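The next block holds one structure in the form of structure tokens; read it before the comments.
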Amino acid sequence: MERIGALPQDIRNKNDAEILRCLAGMKIFTVQDIADITGISRLTITRAIERFMESGLVIARGKGTSTRLGGKKPLEYSLNPDRYMISVAPSEGSTTCTLMSFDGNQIAAKKFGFLAEIEYPEYIELSAEAVTDLIRENHVSPDAFYGVILCQGGVINHRDGYIQVSSIPHWDGRLNVVEDIKKKLPFETNVEIENVSKVCSSMLRFDKDLQNAYAAVFYADYGVSITLMNDGRIPETANHVNGELGHMCLDADDPEECVCGSRGCFEVMISQKRIFRLVEELEPEQKEDLLKDYDGKTDIRAYLLEKEKEGNPDAVRICGYLAKYIGIAFRNVIFATDPDLFVIQGVFAHASDSFFEKVKEEIRISKYLKETDIRFRREPRSLAEMLRLGSLNIIISNLL
Ligand SMILES: [Zn+2]
């Protein structure tokens, strides 16, 4: 689906993204390999690769083996394993700084405290220290290092590098993260800050399913978000709140106030806290039976989604409640943006098919959507892995 009257720059970006989609799926490739898959002309691919090589994204690996009798052996290329970036992201009760190479390998990592338990100046101090140590200990040369991505919750102005509203209640006011970290680093480098859910969405930047498509990426972990993507990109919007659909109001009369100050937010309606409350309302024997395998640490929603698969009637009922609210939220998203597909990340990526059938039923309650075909794609990777891949894609996108 080529847009009519597209500008040359648009076409170039599109070809570049498509070529990169290919590279992500192959370790080593030739120009012909990419031409065979994409249908893009060899000349265009060669020029794109030359640009990628100039920016250090791709390297030539020498002559490969020819498959054509008597033909010249073609040059082989790969993503540059000697270019690096660092992702600083929250993960399971701590903050992890990961040094990654451009071909997606995790080289080394360092951990420090959980964000909610530390003050902002300490976060800046610890992040700068971890980044500096990772680079020094792994002998990464400044020429081979392409930057740091900090992943945070809240409303973030990615372009100008600050947190507008942090999701951590005691981190008040505008926080100039990029400027503050740069002051602490002993070398100059590219530093960026982005919202956690947008980073997770960015793992899909070069994904085939998102090519020429509108996608709504639903992410649920500590927080809940829905990010809208177009052709693998996250559009910059006026208030930097693309992704904050966890705060769409689903019940204005709900008694619980959300961190955002509103009531009945989607995030609150399907929170772990809300689900624990529903469990508390059960008769003591039912509750005991339902929680008999619960370790007290696992996300209660993940636990109940497993129990639902076993057919526990209380789990089925509570998961029905979750499916209903997810269905209402998705219906609103469809009316607002009509996406080609929903990508499901986090807790609900592990839900059963019957769970998603219930979500569809709820969506189709509206006469306008009775016949609609809704496409769900589940993305079962761990949050930590999604954040690493998303961070890497953000840095790689800068080089296009
Ligand atoms: Zn809210």
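The values are calculated or read from the model by the stated rules, or taken from the named source; none is laboratory data. Not measured: the values here are computed from a predicted model. For neighbour counting, all protein chains shown are included, and Cβ atoms are generated from backbone atoms with ideal geometry for every residue, glycine included.
Go through (1) out of contact with any strand residue (DSSP E or B) (no Cβ under 7 Å at 6 or more places or on another chain); (2) among the polar types (S, T, N, Q); (3) assigned to a strand (DSSP E or B) and name the single condition residue 132 misses.
Unmet for residue 132, out of (1) out of contact with any strand residue (DSSP E or B) (no Cβ under 7 Å at 6 or more places or on another chain); (2) among the polar types (S, T, N, Q); (3) assigned to a strand (DSSP E or B): (3).
If residue 224 satisfies every condition in (1) touching a residue at least 24 places away in the same chain (Cβ under 8 Å); (2) among the aliphatic types (A, V, I, L, M); (3) not assigned by TED's automatic domain parsing to the domain that holds residue 257 but one, which is the exception?
(3)
For residue 264, which of the numbered conditions (1) crowded, with 21+ Cβ neighbours inside 10 Å; (2) over 24 Å from the mean Cα position of the chain (by Cα) fails to hold?
With respect to (1) crowded, with 21+ Cβ neighbours inside 10 Å; (2) over 24 Å from the mean Cα position of the chain (by Cα), residue 264 is out only on (1).
Among the residues of region 270-290, are any in contact (Cβ under 8 Å) with a residue 60 or more places away in the chain and either surrounded by fewer than 18 Cβ atoms within 10 Å (Cβ to Cβ) or more than 16 Å from the ligand (Cβ to nearest atom) (or both)? Can you show your working first?
At the first step, the residues of region 270-290 found to be in contact (Cβ under 8 Å) with a residue 60 or more places away in the chain are none.
Checked against the condition, which is being in contact (Cβ under 8 Å) with a residue 60 or more places away in the chain and either surrounded by fewer than 18 Cβ atoms within 10 Å (Cβ to Cβ) or more than 16 Å from the ligand (Cβ to nearest atom) (or both), region 270-290 yields no hits at all.
If I go through region 247-256 residue by residue, how many of them are more than 10 Å from the ligand (Cβ to nearest atom) and surrounded by 15 or more Cβ atoms within 10 Å (Cβ to Cβ)?
Result for region 247-256: 3.
Failed condition for residue 295, given (1) assigned to a helix (DSSP H, G or I); (2) away from the ligand (no atom under 16 Å from the Cβ), with all others met?
Every listed condition holds for residue 295 apart from (1).
Go over the candidates 217, 259, 224 one by one and state the one that is under 28 Å from residue 160 (Cβ atoms) and more than 16 Å from the ligand (Cβ to nearest atom).
Working: 259 fails: more than 16 Å from the ligand (Cβ to nearest atom); 224 fails: more than 16 Å from the ligand (Cβ to nearest atom).
Exactly one of 217, 259, 224 is under 28 Å from residue 160 (Cβ atoms) and more than 16 Å from the ligand (Cβ to nearest atom), namely 217.
So if I check each of 308, 280, which one is in contact with a Gly (Cβ under 9 Å, 6 or more places away or on another chain) and not aromatic (Phe, Trp, Tyr)? I'd like the intermediate steps shown before the answer.
Numbers: 280 fails: in contact with a Gly (Cβ under 9 Å, 6 or more places away or on another chain).
Being in contact with a Gly (Cβ under 9 Å, 6 or more places away or on another chain) and not aromatic (Phe, Trp, Tyr) holds for just one of 308, 280, which is 308.
Identify the single condition in (1) under 30 Å from residue 49 (Cα atoms); (2) crowded, with 20+ Cβ neighbours inside 10 Å that residue 105 does not satisfy, given that it satisfies every other one.
The number of the failed condition is (2).
What do you reckon, is residue 302 in contact (Cβ under 8 Å) with a residue 12 or more places away in the chain, away from the ligand (no atom under 13 Å from the Cβ) and buried (at least 19 other Cβ atoms within 10 Å of the Cβ)?
On the way: in contact (Cβ under 8 Å) with a residue 12 or more places away in the chain: yes; away from the ligand (no atom under 13 Å from the Cβ): yes; buried (at least 19 other Cβ atoms within 10 Å of the Cβ): no.
The answer is no for residue 302.
Check every one of the strands (runs of 3 or more DSSP E) wholly within region 69-116 and list those with 2 or more residues that are in contact (Cβ under 8 Å) with a residue 12 or more places away in the chain and over 19 Å from the mean Cα position of the chain (by Cα).
Those strands (runs of 3 or more DSSP E) span 75-79, 106-112.
Consider residue 77 carefully, then state whether it is more than 23 Å from residue 202 (Cα to Cα) and crowded, with 21+ Cβ neighbours inside 10 Å.
Numbers: more than 23 Å from residue 202 (Cα to Cα): yes; crowded, with 21+ Cβ neighbours inside 10 Å: yes.
Answer is yes for this residue.
Criterion first (within 19 Å of residue 387 (Cα to Cα) and either in the same structural domain as residue 57 (by TED's automatic domain parsing) or of a type outside the set (Phe, Trp, Tyr) (or both)) does residue 192 satisfy it? Write out each step before concluding.
Details: within 19 Å of residue 387 (Cα to Cα): yes; either in the same structural domain as residue 57 (by TED's automatic domain parsing) or of a type outside the set (Phe, Trp, Tyr) (or both): yes.
When the stated conditions are applied, residue 192 passes them.
Of all the residues that make up region 229-246, how many are surrounded by fewer than 20 Cβ atoms within 10 Å (Cβ to Cβ) and in contact with a Phe, Trp or Tyr (Cβ under 8 Å, 6 or more places away or on another chain)?
Total meeting the criteria: 1.
Would you pick out the residues in region 158-205 that are surrounded by 14 or more Cβ atoms within 10 Å (Cβ to Cβ) and among the small types (Gly, Ala, Ser)?
The initial filter retains those residues of region 158-205 that are surrounded by 14 or more Cβ atoms within 10 Å (Cβ to Cβ), namely 158, 161-168, 171, 175-178, 180-182, 184-185, 189-205.
Once the filter is applied, which keeps residues that are surrounded by 14 or more Cβ atoms within 10 Å (Cβ to Cβ) and among the small types (Gly, Ala, Ser), region 158-205 yields 161, 166, 167, 197, 201, 202.
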